[in-house]
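We did not get these values from a lab; they are worked out from the coordinates using the rules stated. Please read these numbers as outputs of a predicted model, since none were measured by experiment. Ideal geometry is used to build each Cβ from the backbone, glycine not excepted, and the neighbour counts take in all protein chains shown.
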């Protein structure tokens, strides 16, 4: 069962990355191009939000299934785990950074809905989605992807 969840988490990440890149560049291009915000822009930003939240839920399930708490015990506690860069990245840095990225997308999406004109909408989406994209790109386990 864990292998199936790991597979889904790994493959869904491709969709998340594609949609997040698309939503980020859409917001940036339309912000700098002074374009009008339309239904397509709303759907792109919403789809980025939805895919990231689904990925977060899959990641939480995977995290709990892998029982990292016993792994921390096996290596000699939290201090020893933090000295191991591979374990630290897997257990602490990757999950925490991705949670922050999801929060940024959520905040950006929520704030853009309150704006009445296109320029501020695209500005908020561009800022928050760009920051989230940077974090996602920084913490993707690239060695496992290729």
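If the segment from residue 10 to residue 84 were pulled out straight at 0.36 nm per residue, it would be longer than the present Cα-Cα gap by 24.4 nm. Comparing 86, 59, 108 in a Gaussian network model of the chain, where Cα atoms under 10 Å apart are tied by springs, the biggest mean-square fluctuation is seen for 86. With n ≥ 4 as the cut-off for DSSP H runs, can you work out [θ] at 222 nm for the chain, using -39500 (n - 2.57) per run divided by the number of residues, rounded to the nearest 500? Roughly -27500 deg cm²/dmol at 222 nm, from the helical runs in the chain. Ordering 14, 129, 68 by the number of other Cβ atoms within 10 Å of each residue's own Cβ, fewest first, gives 14, 68, 129. Axis angle, to the nearest 10 degrees, between helix 94-114 and the longest C-alpha principal axis of the chain: 20 degrees.
Using a Förster radius of 22 Å, what is the FRET efficiency between residue 47 and residue 144 based on their Cβ-Cβ separation? Nearest 0.05, please. So the FRET efficiency works out to roughly 0.30. Under the criterion of Cα pairs below 8 Å and six or more residues apart, the relative contact order for the chain equals 34 percent. Sorted fewest first by neighbouring Cβ atoms within 10 angstrom, 9, 112, 53 come out as 53, 9, 112. Rounding to the nearest 10 and keeping the result within 0 to 90°, find how far the Cα-based axis of helix 39-66 lies from the longest principal axis of the chain. Roughly 10 degrees, rounded to the nearest 10. Given R0 = 22 Å, the distance between the Cβ atoms of residue 36 and residue 100 translates into a calculated FRET efficiency of 0.10. Among 15, 144, 56, the ranking by other beta carbons within 10 Å of each residue's beta carbon, starting with the fewest, stands as 144, 15, 56.
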